[in-house]
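Read through the structure below, which is laid out as structure tokens, and then see the notes.
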Amino acid sequence: MTDETMRAVVAPEESAAFEVVEKPVPEPERDEVRVAVEACGVCGGDDAAREGHAYGGGLTYPRVPGHEVVGRVDAVGEDVEEWEAGERVGVGWHGGHCFTCEACRRGDFHSCAHADVMGVQRDGGWAEYTVAPHEAVASVPESFDAVEAAPLLCAGLTTFNALRNSDAQPGDLVAVQGVGGLGHLGIQYAHAAGYETVALSRGTEKKERALALGADHYVDAEAEDPAAKLQELGGASVVLATAPAAPAIESVVGGLGTDGRVVAVGVPEEPVDVHVGALVGTRGAVEGWASGTALDAEETLAFSERRDVTPDVETFDLADAEEAYQRMLDSDVRFRAVLTP
Ligand SMILES: [Zn+2]
Ligand SMILES: [Zn+2]
């Protein structure tokens, strides 16, 4: 037991600026692990707590956001057998599952009907300590710097998992739309996976970095029609759409090759207007992908280490969470903001 307090950032209510508060260090329940946080990323998904987009409901205020947590196990509940104090761990978007719903009984834990999201249905990692259910905790190798590992727990995991669960084969044309927090990792994974990799962005500002990260081609979507350019290159097997903007997604549907997929991992607030003719002609689709489980996170970390996939990070103190969040929204971070307590 502890009666200590900690520094934490909270969303005090819907659509209000983040605040730094002192609150009690949370006690782990029987099946939970307490993590002493070393770093936690700032993600577009943190708009859930900020703006009250509760995926699956159950969002109450005040709420501590944050779902790219890296730290050390600090205490475990009495039923936890696989973790012990001192181990290096991380927690991502997926904040636990019920083991008993239909999806869980099929082993599809990520689709659990009662899944919690870190920083939405339960407090996340923008704090000195957080607690998570034992099954949501991933092992993080000691070789990782905490600040560099944190973005891999959501941005990395999501882009890696979306690509490896697609039908794209080595040598296929894979485009990554948006060179930001998710996109700069998506480019690295696409390159490392052996795809002919296209980076799509507006303007030329990010061209050099995108090519250095492994893109074989760079398309300036302001200067040329990205769909026509993708067709010129042979048609895309996958366009990984990381920019949360409907017009951006709409602009690439015509760039798909046969059986191509636009896989959206950035979520626009507005609906996406798709011309079905382009999909009928290619047997194409526009689909979505979110995150993954703790095991997926461990596999993302292992692949990232093996193939040297590293995020570009700017670090902020917990107290500057509001600034970090606003700069993330403005695409003014190169390329991922990480808070350190
Ligand atoms: Zn995220
Ligand atoms: Zn379930």
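Angle check, please: helix 294-306 long axis (alpha carbons) against the longest principal axis of the chain (alpha carbons), in degrees 0 to 90, nearest 10.
The helix 294-306 is inclined about 60 degrees to the chain.
Under the classification rounded if a/c is under 1.5, otherwise prolate if a/b is larger than b/c and oblate if not, where does the stretch 157-288 fall, given a ≥ b ≥ c as square roots of the Cα gyration tensor eigenvalues?
Here the stretch 157-288 falls in the rounded category.
Under a 1.4 Å probe, what is the accessible area of the stretch 157-288 per residue, stated in Å²?
Solvent-accessible surface per residue comes out at 42 Å².
What does the charge count near residue 104 come to, summing +1 for each Lys or Arg and -1 for each Asp or Glu among other residues with Cβ under 14 Å from its Cβ?
Charge balance near residue 104 sits at -2.
Ignoring GluC sites (Glu not before Pro) that are buried or in helix or strand per DSSP, and keeping those with at most 15 other beta carbon atoms within 10 Å, what is the longest stretch of the chain between them?
270-341
For the stretch 273-294 and the stretch 95-133, compute the distance between their C-alpha centroids and round to whole Å.
Cα centroid of the stretch 273-294 versus Cα centroid of the stretch 95-133: 26 Å apart.
Where the centre of each part is set by its Cα atoms, how far does the stretch 14-45 sit from the stretch 61-90, in angstrom?
Comparing the Cα centres of the stretch 14-45 and the stretch 61-90, I get a distance of 10 Å.
Counting Lys +1, Arg +1, Asp -1, Glu -1, what net charge surrounds residue 203 among other residues with beta carbon under 13 Å of its beta carbon?
Surrounding charge for residue 203 is -1.
Tell me the trypsin sites (Lys or Arg not before Pro) within the stretch 27-70 that lie in a loop according to DSSP and have at most 12 other beta-carbon atoms within 10 Å.
For trypsin sites (Lys or Arg not before Pro) across the stretch 27-70 that sit outside H, G, I, E and B with at most 12 neighbouring Cβ atoms in 10 Å, the list reads 30.
Return one number: the angle in degrees, 0 to 90 and rounded to the nearest 10, between the long axis of the Cα atoms of helix 183-192 and the longest principal axis of the Cα atoms of the chain.
Roughly 70 degrees, rounded to the nearest 10.
Tell me the carbon and sulfur percent of the accessible area for the chain, rounded to whole percent, probe radius 1.4 Å.
Summing carbon and sulfur atoms, their accessible area is 46 percent of the total for the chain.
Suppose R0 equals 22 Å; then what is the FRET efficiency for residue 60 and residue 334 from their Cβ-Cβ distance, rounded to the nearest 0.05?
About 0.05, to the nearest 0.05.
Out of 280, 239, 91, any idea which swings most in a Gaussian network model of the chain, alpha carbons joined below 10 Å?
Of 280, 239, 91, the most mobile in the Gaussian network model is 280.
The values are calculated or read from the model by the stated rules, or taken from the named source; none is laboratory data. These numbers come from a predicted model, not from an experiment. Note: ideal-geometry Cβ built from the backbone for every residue, glycine included; neighbour counts use all protein chains shown. The accessibility values were calculated without ligands, DNA or RNA, using every heavy atom of the protein model including side chains. Shrake-Rupley method; radii C 1.70, N 1.55, O 1.52, S 1.80 Å.
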